[in-house]
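Peer 1: Just dropping this structure here.
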Amino acid sequence: MAMARTILGGVFVAILFVGVVYAVVSPTLQPISFPRFEIPWLGVEGERMVDRYSLVKETNVSDSVKFVDLNVTLKFGGINLLFSNDPYLACDVSFERSVNVSELEISYDELDGGQVLQVGVWDEAGRLNLTLGNGYLYNGTFRLRIGGVMMTLGRHANVSRFVVSIKYFGGLFLEINDDASFEQIDLSVDIGGLQLVVDAESLKDSGAINVNVNVGGFSMSVDVNTSEIGVGLDAAVDVGGLTVNHEDFQGQLSQRMCSLKTVGYDGATNKLDVKATIGLGGGTLQKGAQYGFPISQV
Amino acid sequence: MEKIGDEMSEKGMSGYFSAFLSRIGGVFLAPDAAFKQIIADKVGVWEPFLLILLLVGIEGAVFASFVYRVILAIAESLSYLTGNVPLGLLGAIPWIMVILMVVVALIFWIVVAGIAHISAKYIFKSEGSFVQLLKLYGYSLTPYSLVILGTVLLGISWATWPLSMFFNIVATFWVVLLMAVAVKHNYNIDVGKAFISSFIGPMVVWLIIVSIFWAWLWLIISSFAGGFV
C-alpha cells in the first residue's frame with residue numbers, strides 16, 4: 001500500500017513535469033499557423049515588379065505630334081510626375097506593382113492629323129512614375145481613388161491644363177519652381193491634405209491653380225520674387241479657419257475667407273492666381289514649406 | 001563532519017520527498033488515512049501552498065503557452081500589414097495569465113476554506129483549526145493534476161477533447177469529495193455536515209454574491225428606464 005501511494009505520488013509529479021515540458025516546448029515544436037492576411041493590391045516586399053514604357057519622338061511618336069494628352073487612372077497607390085530636359089521624350093512610364101496586380105495597361109494613339117498624342121494609363125494599384133519631356137505641350141487628367149500624387153513643375157514643364165483628383169482620400173503635393181509654364185491646374189482631394197509650394201524667381205507664363213478640398217487641409221507656401229510673379233489667393237473655408245502668416249501678401253482676410261495678393265501684383269511680369277475652396281478643415285499661407293512631404297524613390 | 005552532514009541532509013531530503021509522494025498518493029488512494037496522517041505529522045502550510053502554486057502555475061503555463069502560440073500565429077498572419085514588429089506587451093499576456101491564475105487560485109483557496117470554517121465552526125458548532133483546514137484543502141487539490149493532463153492532451157490534439165473533458169469532470173468531483181473529507185477530519189463532523197460546509201456553504205455564498213450582482217445590474221438598467229420595471 002505504501003509502495004502504491006509512493007508510485008501514485010510519482011505519477012502525480014510526472015504529470016506536473018509533463019505539463020512543464022509541454023508548456024516550454026509547444027510554442028517551438030507545435031506552432032499554430034493562421035492564413036497569411038494579405039491585401040492583393042498592396043503587394044508584398046520582395047514580390048514586386050516594374051513595368052516600363054517610353055514614348056519617344058522618332059521611335060514610336062511621329063514628328064508631327066505637338067501636344068500630348070494624358071489620361072491616367074489608378075485606384076490605389078501613388079503618382080509621381082516630373083519633367084525632364086529631353087525634347088524627344090513624350091512620356092516615360094515606370095510602374096512598380098505587386099506581382100498579384102495586373103500589368104499596367106497603357107494605350108496611345110495619334111489624333112487630329114497626328115498633332116495630338118493621346119496616352120491612356122490604367123491600373124489597380126502601384127507606384128506610377130511619369131517623366132515628361134520639354135518638347136511638347138501637355139494636357140492631363142490624373143485620377144486616383146486612394147493614395148498620393150506628387151508633381152513638380154520646373155523650367156522644363158510646359159502644361160496647358162492638368163486636372164488632378166483624389167476621389168476618396170489621400171494627399172496631393174504640387175511644387176512650382178523657376179520658369180515653369182502652365183495655364184491651368186485643377187487639384188481636388190475629397191478627404192486629405194493638399195500642399196502647394198511656389199518657390200520660383202520667375203514663371204514663363206501666367207497660370208491659374210484651382211484647389212478643392214472637401215475634408216482636410218490646404219497649405220500654401222509662397223517664396224517668389226514679387227516683381228516677377230504676382231501671386232493671388234482667393235480662399236474660402238466652409239467650416240474651419242484660415243491662417244495667413246506671410247508679409248508679402250495684402251488684401252482682405254477674415255476667419256473663413258481671404259482675397260490676398262502679393263505686393264506689386266498688378267505690375268508683376270506674370271501672375272499666378274490660386275483659388276481654394278475648403279469644406280471642413282483649414283487653410284494656411286506662409287513663406288516656407290510647413291511640412292515635409294514623404295518622398296519615396298523607386 | 002561536513003561529509004556526514006551532507007549525507008544526512010541528502011537522506012533527509014530524499015526521505016522528505018518520499019513522504020511527500022506518499023502523502024500525495026495517499027490523498028488519491030485513501031484520503032481518510034492520508035488526511036489523518038497529515039494532521040498527525042503537523043505538516044507545515046508551505047507544502048500545500050507550494051502544491052497549489054505548482055498545480056495552478058503549471059496549468060496556467062500550459063494554457064498560456066497555447067495563448068502564446070495563438071498570439072504568434074496572429075502576429076505572423078498580420079505581419080504583411082504590421083511588418084516584423086516585436087510582440088511587445090502582447091508577449092507579456094501569457095505571463096500575466098499565469099500570475100492571474102495563481103493569484104485567483106490562492107484567493108479562492110483562502111475564501112473557500114474560510115467559508116467552510118465558518119460553516120463548520122459556527123453553524124455546526126464544531127472545533128477545528130482554520131490553518132489546518134487550509135493545509136488539507138491544499139492537498140485536496142491534487143486531482144487537479146488530471147486537468148493539467150487533459151489540457152496537455154488537448155494541446156497535442158483536439159481529437160482528445162472527450163478524454164480531456166472526462167478528466168476535468170472527474171477532477172472536479174474528486175476535489176469536491178476530498179474537500180468534504182478534509183472538513184470531516186478537521187472538525188470531527190459527519191460527512192453530510194462536512195459536505196454542506198465544504199460545498200453547499202461556498203455555493204450558497206456564491207449564489208448570494210451573484211444574486212446581489214444581478215439585482216444591482218437590474219436596478220441600474222431599470223433606472224435608465226425611469227424607475228423600477
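Peer 1: To the nearest whole percent, what portion of all C-alpha pairs in the stretch A:2-286 is separated by more than 30 angstrom? Each step should come with its number before you reach the end.
Peer 2: Details: 18224 of 40470 pairs.
Tail fraction, whole percent: 45.
Peer 1: For A:Lys275, which aspartates and glutamates qualify as cross-link partners when the Cα separation must be under 17 Å and same-chain residues fewer than eight apart are set aside?
Peer 2: Correct list for A:Lys275: A:Glu175, A:Glu183, A:Asp186, A:Asp190, A:Asp234, A:Asp238.
Peer 1: Please give the FRET efficiency for B:Ile96 paired with A:Val13, using the beta carbon to beta carbon distance and R0 = 30 Å, rounded to the nearest 0.05.
Peer 2: On the way: r = 27 Å, r/R0 = 0.91.
The formula returns an efficiency of 0.65 here.
Peer 1: Also: Any idea what the relative contact order of chain A is, in percent, if you count C-alpha pairs under 8 Å spaced at least 6 apart?
Peer 2: Numbers: 787 pairs, mean separation 38.5, N = 298.
Relative contact order for chain A comes out at 13 percent.
Peer 1: Please give every one of the lysines within straight-line cross-link reach of B:Lys184, meaning a C-alpha to C-alpha distance under 18 Å, and leave out same-chain neighbours fewer than 8 residues apart.
Peer 2: Within reach: B:Lys36, B:Lys42, B:Lys121, B:Lys125, B:Lys135, B:Lys193.
Peer 1: Any idea what the dipole of the protein assembly as shown comes to, in debye rounded to 20, about its Cα centre with Lys/Arg Cβ at +1 and Asp/Glu Cβ at -1?
Peer 2: Numbers: 31 positive and 45 negative charges, 720 e Å.
Charge dipole, the protein assembly as shown, about its Cα centre: 3460 debye, nearest 20.
Peer 1: Same structure, new question: With each pseudo-label sitting 7 Å past Cα toward Cβ, what's the A:Tyr168-B:Trp158 distance in nm, one decimal?
Peer 2: Label-label distance for A:Tyr168 and B:Trp158, simple model: 3.3 nm.
Peer 1: Cα-based Rg (one decimal) and Dmax (whole number) for the stretch A:159-298, in Å?
Peer 2: According to the Cα coordinates of the stretch A:159-298, Rg and Dmax are 14.1, 44 Å.
Peer 1: Which residue, A:Met220, A:Phe12, A:Gly126, has the largest displacement toward the positive end of the dipole of chain A when charges sit on each Cβ (Lys, Arg +1; Asp, Glu -1)?
Peer 2: The one lying farthest along the dipole's positive direction is A:Phe12.
Peer 1: Moving on. If each of B:Phe49 and B:Ile208 carries a label point 7 Å out from its Cα toward its Cβ, how far apart are those two points in nm?
Peer 2: Distance between the two pseudo-spin positions: 2.9 nm.
Peer 1: State, to one decimal in nm², a quarter of the convex hull surface area for the C-alpha atoms of the stretch B:159-221, i.e. the direction-averaged projected area. Kindly include the intermediate steps, with their values, before the conclusion.
Peer 2: Working: hull surface 26.4 nm².
Convex hull of Cα atoms, orientation-averaged projection: 6.6 nm².
Peer 1: Another one. List the longest stretch of chain B that has no exposed loop site; here a site is one of the trypsin sites (Lys or Arg not before Pro) assigned by DSSP to anything other than H, G, I, E or B, with at most 11 other Cβ within 10 Å.
Peer 2: It works out to B:126-229.
Peer 1: Right, another one. So which residues of the stretch B:57-72 lose at least 30 Å² of accessible area, probe 1.4 Å, when you go from the chain by itself to every protein chain present?
Peer 2: B:Ile58, B:Val62, B:Ser65, B:Arg69
Peer 1: Okay, moving on. What number, in nm² with one decimal, is the all-direction average of the projected area of the convex hull of the alpha-carbon atoms of the protein assembly as shown?
Peer 2: On the way: hull surface 175.8 nm².
Approximately 43.9 nm², given one-decimal rounding.
Peer 1: Mind checking the log10 I(q)/I(0) for the stretch B:17-228 at q = 0.10, 0.12, 0.16 Å⁻¹? Debye, one equal scatterer per Cα, no solvent, two decimals.
Peer 2: Log-scaled intensity ratios, in q order: -0.58, -0.77, -1.08.
Peer 1: Which residue, B:Val70, A:Leu260, A:Gly207, has the largest displacement toward the positive end of the dipole of the protein assembly as shown when charges sit on each Cβ (Lys, Arg +1; Asp, Glu -1)?
Peer 2: Toward the positive end, the furthest listed residue is B:Val70.
Peer 1: What longest range of chain A stays clear of loop-exposed chymotrypsin sites (Phe, Trp or Tyr not before Pro) (DSSP non-H/G/I/E/B, at most 15 other C-beta within 10 angstrom)? Please list the in-between numbers first.
Peer 2: Working: sites that count: A:Phe37, A:Tyr88, A:Tyr291.
With a cap of 15 other Cβ atoms within 10 Å, the longest stretch comes to A:89-290.
Peer 1: Put +1 on the Cβ of every Lys and Arg and -1 on every Asp and Glu Cβ in the stretch B:73-216; which of B:Trp158, B:Phe130, B:Pro94 then has its Cα farthest towards the positive end of the dipole?
Peer 2: It is B:Phe130.
The values are calculated or read from the model by the stated rules, or taken from the named source; none is laboratory data. Here the structure is a predicted model, which means the values were calculated and not measured. Positions of Cβ are backbone-derived with ideal geometry, glycine not excepted, and every protein chain shown enters the neighbour counts. All accessible areas refer to the heavy atoms of the entire protein, side chains included, with ligands and DNA or RNA removed. Shrake-Rupley method; radii C 1.70, N 1.55, O 1.52, S 1.80 Å.
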